[in-house]
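Each remark here refers to the structure printed beneath this line.
The values are calculated or read from the model by the stated rules, or taken from the named source; none is laboratory data. A quick note: this is a predicted structure, and the numbers were derived from the prediction, not measured. As a convention, Cβ positions derive from the backbone with ideal geometry for all residues, glycine included, and neighbour counts pool all protein chains shown. These accessible areas exclude ligands, DNA and RNA; they are computed on the full protein's heavy atoms, side chains included. Shrake-Rupley method; radii C 1.70, N 1.55, O 1.52, S 1.80 Å.
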Amino acid sequence: MLLYRLGRWYLLETSMAMRASQFARLPTPTGRLIFLGDSITEGGLWDEWFPETRPVNRGIGGNTIGDVLGRLDTAIDSPAAVFLLIGTNDLSMGRSTHRVAADMRRLVAVIRHRAPCAPLFVQSVLPRRARFADRIRELNDAYREIAAAADAVYIDLWPALADAGGVLRSDFTRDGLHLSGAGYAVWVDALRPYVSRIA
């Protein structure tokens, strides 16, 4: 079991580094709608969901808030808008909601500094399995306050994706964390009114 976990960790670390190295070689996109986050963002086919906006996917699987903060040079340069979804991996690592919120506050402040005029959308952490529900709700309350303080828009995805028990709906996932096509379609519907302001 330990070797299996180490193998998965190695594959994830390798995948993260390979994707980040591509971003480092590419010009930082300007004037584009940026989707920024972890594997849930990475998995979205944003250029096909929103072809009229020519979005750029800057999601990397396994990323924490600190990881995103460390790679903003390859993501943020006069963007048309930023859609940020991050934090679930921080919770998986056992970090307190207080610490995750503090890290998110810093990330949002740095994005605001880099792109003071760009619309910034802070998305709620998505529901997961039941054992995460209370912590995610608490964190999302903090995210709402962080967004308001930074003149950003908070997008609450919880009602669209959670079941009555606060769990990611089973028809939207196969592993209790990542989204299926049906899950992405619901997420896209929730984002469309905000994206349409930019297009």
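The table for this structure:
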{"quantity": "When residues of segment 40-70 are limited to those that are touching a helix residue (DSSP H, G or I) at 6+ places or on another chain (Cβ under 8 Å) and among the hydroxyl-bearing types (Ser, Thr, Tyr), the one nearest to Ile86 (Cα to Cα)", "calculated": "Thr64"}
{"quantity": "Close pairs (8 angstrom Cβ cut-off, 6 or more residues apart or separate chains): hydroxyl-bearing (Ser, Thr, Tyr) in segment 11-32, in a loop (DSSP other than H, G, I, E, B) and surrounded by 15 or more Cβ atoms within 10 Å (Cβ to Cβ) anywhere", "calculated": "Ser15/Gly61; Ser15/Gly62; Thr28/Ala75; Thr28/Ile76; Thr28/Asp77; Thr30/Asp77; Thr30/Pro79"}
{"quantity": "Matching option when the condition is charged (D, E, K, R) and out of contact with any helix residue (DSSP H, G or I) (no Cβ under 9 Å at 6 or more places or on another chain), among Arg105, Arg99, Arg169, Arg131", "calculated": "Arg131"}
{"quantity": "Residue list for segment 115-144, restricted to those being free of Cβ contacts under 8 Å to residues at least 40 places away in the same chain and either buried (at least 16 other Cβ atoms within 10 Å of the Cβ) or under 17 Å from the mean Cα position of the chain (by Cα) (or both)", "calculated": "Ala115, Leu120, Val122, Ser124, Ala133, Arg137, Asn140, Asp141, Arg144"}
{"quantity": "Test: Asp73 is crowded, with 17+ Cβ neighbours inside 10 Å, acidic (Asp, Glu) and at pLDDT 95 or above", "calculated": "no"}
{"quantity": "Number of positions in segment 47-60 that are under 11 Å from the mean Cα position of the chain (by Cα) and open to solvent by 10 Å² or more (accessible area, probe 1.4 Å)", "calculated": "2"}
{"quantity": "Qualifying residue in segment 54-69 (condition: modelled with pLDDT under 95 and over 22 Å from Asp175 (Cα atoms))", "calculated": "yes"}
{"quantity": "Per-region count, segment 93-114, residues closer than 14 Å to Gly37 by Cβ and open to solvent by 10 Å² or more (accessible area, probe 1.4 Å)", "calculated": "1"}
{"quantity": "Qualifying positions in segment 56-70 - touching a residue at least 40 places away in the same chain (Cβ under 8 Å), in a loop (DSSP other than H, G, I, E, B) and at negative phi", "calculated": "Ile60, Gly61, Asn63"}
{"quantity": "Tally, over segment 1-25, of residues that are at pLDDT below 85, open to solvent by 80 Å² or more (accessible area, probe 1.4 Å), in a helix (DSSP H, G or I) and among the aliphatic types (A, V, I, L, M)", "calculated": "4"}
{"quantity": "Filtered residues of segment 77-92 (kept if assigned to a loop (DSSP other than H, G, I, E, B), crowded, with 22+ Cβ neighbours inside 10 Å and among the hydrophobic types (A, V, I, L, M, F, W, C))", "calculated": "Ile86"}
